[in-house]
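K.L.:
Next up is a structure, given as structure tokens.
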Amino acid sequence: MREISKSVVKAGLDKTTREFTQRIEKYGFSRTKRWLWVRAKSKSADFVHIHLNGISYGRPINYSIVLRVHCGTYNESSNSLALNGPSSDDSEFMNKRYHLRFNAETGSTYERCMDDLVRFVVEDGEPWFAEAEAANDPGKDIKLENENLSRKALGLKS
């Protein structure tokens, strides 16, 4: 049985997050944590979170990397990042056939995966963000006493 290299998988993940950062900067998102991209607004913050789907802890079993992408708005009341928006594994998105998998060793389907990560944010995340913003109370500001906690949760510099 062939030994699977952790470094190849890690390099594939690092390349993915770097390139995703470059691709969604034009939509106002900045990478603030390893798997988190934030677009800060005056009274709220939108975020995109990517994570591995079906990963086993320890040694990888193959070179296939499968990702999930979630969108949300910052929920100050709990000082946590609730995944309160669309998620790529929601059944309502199955018909769009997002391909969020690639082979870290060969690079097979990498470009399609990257395109579909961004497509999810643009086609499904952006309309949801706009709807969520319109539904928010326009007078509700991040409270001063919670501002530092909020910024920390989002990975923003104080």
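K.L.:
What is the spin-label model distance, in nm, from Ser7 to Glu133 if the labels are put 7 Å beyond Cα along the C-beta direction?
P.N.:
4.4
K.L.:
Out of the GluC sites (Glu not before Pro) in the stretch 1-55, which ones are loop residues according to DSSP with at most 11 other C-beta atoms within 10 Å?
P.N.:
Sites meeting the loop and neighbour criteria: Glu3.
A short reminder: the numbers here are calculations on the coordinates, not readings from a lab. All of these numbers come straight from a predicted model, not from anything done at the bench. Cβ atoms come from the backbone with ideal geometry, glycine included; neighbour counts cover every protein chain shown.
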